[in-house]
Amino acid sequence: MVPITRFGFLLGLSVGLVSFSLHAEEAVPDKTNSRGLFTYDHEGTEREYLIHRPKDLPKNAPLVVFLHGYRGDARRYAQMGMSRVADENQFAVVYPQGLKDRRDITHWNARMRLSTVDDIGFLVALIDHLQKKYDLDPDRTFVSGVSNGGFMSYTMVSEHPDRFRAAASIIGTVSGESWRRRDQMKPVPILQISGLSDNIVPVDRSEE
């Protein structure tokens, strides 16, 4: 086991996601709903998530928030290898589920005009809840995501650097609104993974 730091989180993420292992054994902290997901009430809305905690996880362990992409499902993203990395490095990982946008597609509202869903408030409240429930370290909470989840990672680390200490965005960039607020942002460690031939989310252009 090695202590996970901001640099260690970014390095471990880049290595762990190269191969999408199907090893993901979920710990069971609470009752699940009919979809097999755990629930958290945020301002009257039932929000869903999965959480993986390695066996014998020590108190004050780090927490990684891993966000699915547009049209994504938390259950599928929990099978992409992050839980294996968590087992090897002794941190907890949570896979939140996004709600549907105006087009009835699961998403994260990274200030991209997709919906009016308060995903920023939900993710802040969720990590506060999990940190208290499982004695996780509030000074070692990190966020990562794929595509739309990558956009949301930038949003969370830029607006709440006191909660999220580093971010890793996989084929996602900064939303137009977050980019316009860049002068107000506190410097934080970022890992950006992009494909130069990606014409859906170009590495050199932010979305509105």
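The values are calculated or read from the model by the stated rules, or taken from the named source; none is laboratory data. Because the structure is a prediction, the values reported are computed rather than measured. Neighbour counts are summed over all protein chains in view; Cβ atoms, including those assigned to glycine, are modelled from backbone coordinates with ideal geometry. Surface areas here come from the heavy atoms of the whole protein model, side chains and all, with no ligands, DNA or RNA. Shrake-Rupley method; radii C 1.70, N 1.55, O 1.52, S 1.80 Å.
Some values worked out for this structure:
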quantity: Largest-first ordering by accessible area, 1.4 Å probe, given options 106, 141, 116; calculated: 116, 106, 141
quantity: 88, 43, 177, ranked by accessible area, largest first (probe 1.4 Å); calculated: 43, 88, 177
quantity: Per-pair calculated FRET efficiency, R0 = 45 Å: residue 177 and residue 133 via Cβ, rounded to 0.05; calculated: 0.90
quantity: Probe 1.4 Å - accessible area at residue 179, Å² to nearest ten; calculated: 130 Å²
quantity: Three-way shape label, segment 60-208, alpha-carbon gyration tensor, a/c 1.5; calculated: rounded
quantity: Modelled FRET efficiency - R0 30 Å, residue 192 with residue 33, Cβ distances, 0.05 increments; calculated: 0.30
quantity: Full-extension gain in nm, residue 59 to residue 102, via 0.36 nm per residue minus C-alpha separation; calculated: 11.4 nm
